[in-house]
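Participant: Structure incoming, see below.
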Amino acid sequence: MEICLVNDTSDDNNWGAKATSFALRELIGIAGGYVGSTIYQHRISAPHKSDIKKFSEDLESAELTSEDRDVLDVAPRSWSEFECSAQRVMCGEIFEEIKTAINQCDVVLINGEGCIYDRTRQSRMIYFIAFLAKKYLGKVTALVNHSVVLNDSILLEIAHHVNPMLDDVVFREPDSALACQEGHGRIAADAAYFSPSLSAENNTHDVHAKSLKKLLDSTESFDPMKPYVCVGGGSVYFRGLRPGFDPIPGLVSLCEKLRQKVGQVLLTASSGKDMHLMGSVSQELELPLIKNSASTQQAIDVLGNAQAYIGARWHPSIFAHIGGVPVIAISKHTPKMDAFMKQAGMKPVRFDPFSLESQAEGIVNEVENYIAEGEVFRKKFREGALRLKELSKENVRVLQEYSNYN
């Protein structure tokens, strides 16, 4: 059973992107399939040279502005363009390598992750590839492991037409299923829950401490043998919601208060963008930082052994959950973090990423309350993560059904 894996995000040096795609590949193997062709995230998130209309040898794409590239891009911009674009694919005019990748497989599995929002090119291409694979190339096609923010009327129209065509639609949390009110789709859990768990060896305190020490550039002011809380960043700071806003003072204020009242603070940067942000906080406060170059297992080990995780990142929250570590979500303006908290069974306290200085006291109080609950809370929280790990297998149920009928 040959699979075309679409929107494979392992080409992104981001903890969650790598963890999800590697976990999906493992689940595909367990279901009896193998990935024969891959369409990576970078191929669909931005137009490539071959995707530019009117491209000629005397017009180098490097000369085009990003606005020019968007205007000249052959990717369909609305539902009304899907049919025409698909016909152009079939005639060999556009996206020839995408058609080839789909044609050589039995099943097209599209990894949606948190990529569907705001009518971005990636959002439109995810749905267009699903449409092309199912209607024009006759492939068993499933859109899995995804959240949606249908805050754009054009994207909503596209989803409304494409989802009913597909063999399976699997959301990674309930809120997205509610956003797609047509009733097409099922609720599972993020494939990242199927990532490596904390091993018995890594739960041994001195072994974990040695592993942690190797990850840090300097441990002069950090004792890996003592408890710590993790603080991370979030994509909310990079989406233009508050032009000109500087998040560093708020993060510095929060970390200072945590250090005063709770203890050691360990910063995490799960993405390249977070590296710049959290690196600045690290320098200002001389705090240790776990970089985005850390492996998935290392990230799970670090977050899963903390006393708490404070941040606005979906996948680091999952890594904390795997270890039974309480998550204090900076969730205002970030629907995915609200969705995480609900699915994980935690109370929805909505701290604002743009008001950390004024809310630092409340965040610290939440941390202290969870620490006081100790192993009672952690055991219950870990059990919830194990339940979601089992549920994550639903992302590949279409493969099991295909195998049964072929």
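The values are calculated or read from the model by the stated rules, or taken from the named source; none is laboratory data. Model, not experiment: these values are computed from the prediction. Heads up, the Cβs are rebuilt from the backbone with ideal geometry, glycines too, and the neighbour counts pull from every protein chain shown. All accessible areas refer to the heavy atoms of the entire protein, side chains included, with ligands and DNA or RNA removed. Shrake-Rupley method; radii C 1.70, N 1.55, O 1.52, S 1.80 Å.
Participant: When you scan segment 93-104, do you find a residue that is open to solvent by 60 Å² or more (accessible area, probe 1.4 Å), assigned by the TED database to the domain that holds Ile158 and in contact with a strand residue (DSSP E or B) (Cβ under 6 Å, 6 or more places away or on another chain), even just one?
Facilitator: Within segment 93-104 (the criterion being open to solvent by 60 Å² or more (accessible area, probe 1.4 Å), assigned by the TED database to the domain that holds Ile158 and in contact with a strand residue (DSSP E or B) (Cβ under 6 Å, 6 or more places away or on another chain)), the answer is yes, since at least one residue qualifies.
Participant: I've got another one for you. Can you pull out the residues in segment 261-311 that are touching a residue at least 40 places away in the same chain (Cβ under 8 Å), farther than 20 Å from Pro224 by Cβ and of a type in the set (Asp, Glu)?
Facilitator: Matches in segment 261-311: Asp274 only.
Participant: Same structure, new question: Only one of (1) farther than 22 Å from Cys255 by Cα; (2) open to solvent by 20 Å² or more (accessible area, probe 1.4 Å); (3) of a type outside the set (A, V, I, L, M) fails for Phe381. Which number is that?
Facilitator: (2)
Participant: State whether the residues of segment 296-311 include one that is modelled with pLDDT under 95 and among the aromatic types (Phe, Trp, Tyr).
Facilitator: No, every residue in segment 296-311 fails to be modelled with pLDDT under 95 and among the aromatic types (Phe, Trp, Tyr).
Participant: Restricting attention to segment 346-372, report how many residues are open to solvent by less than 40 Å² (accessible area, probe 1.4 Å) and part of a helix (DSSP H, G or I).
Facilitator: Qualifying residue count, segment 346-372: 8.
Participant: Next up: Within segment 229-244, take every residue that is in a loop (DSSP other than H, G, I, E, B) and more than 20 Å from Leu303 (Cα to Cα) and give me the one that is least open to solvent (accessible area, probe 1.4 Å).
Facilitator: Gly240
Participant: Does Ser317 satisfy the criteria of being in a helix (DSSP H, G or I), closer than 30 Å to Ile30 by Cβ, out of contact with any Pro (no Cβ under 7 Å at 6 or more places or on another chain) and open to solvent by 10 Å² or more (accessible area, probe 1.4 Å)?
Facilitator: Answer is no for this residue.
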